[in-house]
Amino acid sequence: MLLHKVVSLTKKPNQGGIGMADVTSTVQNAASGVVGVIKALIVLFVFVNIIYSTGFDPIGGIVDLVNTFLDGGFAGLLALLVFLSFLA
């Protein structure tokens with residue numbers, strides 16, 4: 001009986017802390033927000049480059065990135081597919 005009371009006194013009640021699901025959803029929401037901003041900036045740079053002549057060429061950069069992956073042969077193609085799966 002005495003041991004039961006000692007154990008019950010040392011236990012701390014659940015204080016309603018943050019659960020792992022909450023942390024995961026917060027990180028996922030933050031990451032999707034960052035990816036959304038990056039996508040919006042890419043679209044903005046493409047349209048600005050179409051309207052004005054800038055030194056920055058986003059379409060050429062994207063083409064060079066894809067060509068870099070495709071020059072790697074089959075392994076490069078697989079790497080490109082994995083890279084694109086992270087963006088989707």
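The values are calculated or read from the model by the stated rules, or taken from the named source; none is laboratory data. Remember, predicted model here, so these are calculated numbers, not experimental data. Glycine gets a Cβ as well: all are built from the backbone with ideal geometry, and neighbour counts include every protein chain shown.
In region 44-88, how many residues are in a helix (DSSP H, G or I) and of a type in the set (Ser, Thr, Tyr)?
Here the count works out to 2.
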Pairs with Cβ under 6 Å, 6+ apart, first in region 58-85 and without any contact (Cβ under 8 Å) to a residue 24 or more places away in the chain, second among the small types (Gly, Ala, Ser) and part of a helix (DSSP H, G or I): Phe69/Gly76; Phe69/Ala79; Leu70/Gly76
Filter region 27-66 for residues that are at pLDDT below 85 and polar (S, T, N, Q); which is nearest to the chain's Cα centre (by Cα)? Asn49
